[in-house]
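Novice: Have a look at this one.
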Amino acid sequence: MARTESAMLALGTSAPDFVLTDVVTGHQVSTQAVSGPKGTLIMFICRHCPFVKHLERALAQLSRDYETSGVGVVAVSSNDAANYPDDAPRSLAEQATELGFIFPYLYDETQEVARAYDAACTPDFFLFDDGLKLVYRGQFDDSRPASNIPVTGRDLRAALDALIAGKPISPEQRPSLGCNIKWK
């Protein structure tokens, strides 16, 4: 496992458009379809990464906590499934079902979406405002596997709460840390 930090895409960047397949429903899902009236959270995750496993239950809870907030939530997995079969669509669908993900979980087979977002690691978080301009990118919180720091989602939740309340989000943001995207 290569410990990799977020690339920290420039704040204000427009969300690149995508149309990807939801691993649970098999339906095509677009950027516009997942966008909420207050904003959109795009999470690059996978199944096999210990950093994602460390907080996957908290991701499921976060989506439930913000379900009626006006922020759309979606997850994308861009890993090479041929070399990482735990990250193949069928396995991702099992993960979504087991954890009760209520957000679309999309598979980026060509890896073009990960490249467009400059996603570098799993997990990697991108929060966009109602105009699909990037307002937060960075870590979920300070917790890491074996750190003994509780998983709270403090950093991402603070950004979400500020966005929803129409308040400024601090530009001082710490990169996420996780496994590198498994490029083909």
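Novice: Leu55 is checked against (1) crowded, with 20+ Cβ neighbours inside 10 Å; (2) outside any helix (DSSP H, G or I) and fails just one. What number does that condition carry?
Specialist: (2)
Novice: Now a separate question. Criterion first (among the small types (Gly, Ala, Ser), crowded, with 21+ Cβ neighbours inside 10 Å and under 26 Å from Thr152 (Cβ atoms)) does Ala60 satisfy it?
Specialist: Answer is no for this residue.
Novice: Turning to a different aspect of this structure: State all residues of segment 127-184 that are over 18 Å from Ile45 (Cβ atoms) and among the polar types (S, T, N, Q); if no residue qualifies, say none.
Specialist: Ser147, Asn148, Ser170, Gln173
Novice: Any idea how many residues of segment 132-157 are touching a strand residue (DSSP E or B) at 6+ places or on another chain (Cβ under 9 Å) and not basic (Lys, Arg)?
Specialist: The number of residues fulfilling the criteria is 9.
Novice: Quick one: what pairs do we get from segment 161-174, first residue farther than 15 Å from Phe125 by Cα and modelled with pLDDT of 95 or more, second among the acidic types (Asp, Glu) and surrounded by 11 or more Cβ atoms within 10 Å (Cβ to Cβ), C-beta under 6 Å, 6+ apart or different chains?
Specialist: Listed pairs, sorted by first residue: none to list.
Novice: Moving on. Looking only at segment 58-70, how many residues end up being more than 13 Å from the chain's Cα centre (by Cα) and either not in a helix (DSSP H, G or I) or not basic (Lys, Arg) (or both)?
Specialist: Summing the residues that are more than 13 Å from the chain's Cα centre (by Cα) and either not in a helix (DSSP H, G or I) or not basic (Lys, Arg) (or both) in segment 58-70 gives 7.
Novice: For segment 142-156, what are the residues that are within 17 Å of Ser6 (Cβ to Cβ) and either out of contact with any Pro (no Cβ under 8 Å at 6 or more places or on another chain) or among the aromatic types (Phe, Trp, Tyr) (or both)?
Specialist: Once the filter is applied, which keeps residues that are within 17 Å of Ser6 (Cβ to Cβ) and either out of contact with any Pro (no Cβ under 8 Å at 6 or more places or on another chain) or among the aromatic types (Phe, Trp, Tyr) (or both), segment 142-156 yields Asp142, Arg144, Gly153, Arg154, Asp155, Leu156.
Here is a yes/no grid of residues against (1) in a loop (DSSP other than H, G, I, E, B); (2) among the polar types (S, T, N, Q); (3) farther than 12 Å from Ala7 by Cβ; (4) within 13 Å of the chain's Cα centre (by Cα):
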position: Glu109; (1), (2), (3), (4): yes, no, yes, no
position: Phe126; (1), (2), (3), (4): no, no, no, yes
position: Ile164; (1), (2), (3), (4): no, no, yes, no
position: Ile169; (1), (2), (3), (4): yes, no, yes, no
position: Lys182; (1), (2), (3), (4): yes, no, yes, no
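Novice: So, one more: Modelled with pLDDT of 95 or more and either loosely packed, with under 13 Cβ neighbours inside 10 Å or touching a helix residue (DSSP H, G or I) at 6+ places or on another chain (Cβ under 8 Å) (or both): which single residue out of Val24, Val29, Val34 fits that description?
Specialist: Val24
Novice: Something else: Here are some residues: Pro85, Pro89. Which one is at pLDDT 95 or above and exposed (fewer than 14 other Cβ atoms within 10 Å of the Cβ)?
Specialist: Being at pLDDT 95 or above and exposed (fewer than 14 other Cβ atoms within 10 Å of the Cβ) holds for just one of Pro85, Pro89, which is Pro85.
Yes/no per residue for (1) touching a Cys at 6+ places or on another chain (Cβ under 7 Å); (2) in contact (Cβ under 8 Å) with a residue 24 or more places away in the chain; (3) not in a strand (DSSP E or B):
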position: Asp17; (1), (2), (3): no, no, yes
position: Thr21; (1), (2), (3): no, yes, no
position: Asn83; (1), (2), (3): no, yes, yes
position: Ile102; (1), (2), (3): no, yes, yes
position: Ala116; (1), (2), (3): no, yes, yes
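The values are calculated or read from the model by the stated rules, or taken from the named source; none is laboratory data. Everything numeric in this text was worked out from a predicted model, so none of it was measured. We place every Cβ from the backbone using ideal geometry, glycine too, and count neighbours over all the protein chains shown.
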